[in-house]
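Q: Before I ask anything, here is the structure I am working with.
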Amino acid sequence: MQMNYLFALIGAGLVIYGLYRSYKTYTFYRKITVSQSWQVTTGKVTGATTRYTSGGRGSRHYLAQFSYAFTVLGSDFTGDFKIDSFLGLKGTAEKDVEQHPAGTPVILRYNPENPGECVSEYDKVSVSDLLTILGSLVIGALSIVQSYRLIIAP
């Protein structure tokens, strides 16, 4: 019986996490959409690394992380972007890093009212973000429904 409540709590946590990631992904998507009317400038890549995020059961998902700098009206700004590697493969992420060494130009769109707010040409919502949202919402909801069934009708 207590285990059913635990599954219900875990399910609720997954649903909350899925809703949080949905909100963050939507605001990021909205920023990308709004940026289409912003001013365009060119920055330069200042650094690049390959990093991974740990998945379940020891799996790793690799991506290329970049930092850049640009100047608008005599003021210097910095930012970063990531390129999600194909299927999270380490070799793909390393190739992305090799193709964008320091000094590589990057197209940016910046908010004319706040030039520190910008979006790079590589900023996009990744498939892995959408799958994480979908998975956490579906598994969380199923866990809650199943726990409810077991608690109500044991």
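The values are calculated or read from the model by the stated rules, or taken from the named source; none is laboratory data. Bear in mind that the values here come from a model prediction, so they are computed numbers and not experimental data. All Cβ positions, glycine included, derive from the backbone under ideal geometry; neighbour counts span all protein chains shown.
Q: Of all residues in segment 103-144, count the ones that are over 25 Å from I32 (Cβ atoms), in contact (Cβ under 8 Å) with a residue 12 or more places away in the chain and hydrophobic (A, V, I, L, M, F, W, C).
A: Residues meeting the conditions: 4.
Q: Still on this model: Considering only residues that are of a type in the set (S, T, N, Q) and at pLDDT 85 or above, look in segment 98-145 and name the one that is farthest from K44 (Cα to Cα).
A: Of everything passing the filter in segment 98-145, S143 is farthest from K44 (Cα to Cα).
Q: Here is a follow-up. Show the residue pairs meeting these rules: Cβ distance below 7 Å; 6+ apart or different chains; first residue within segment 16-38 and closer than 21 Å to K82 by Cα; second residue hydroxyl-bearing (S, T, Y) and not in a helix (DSSP H, G or I).
A: Going by the 7 Å Cβ cut-off, the qualifying pairs are W38/Y110.
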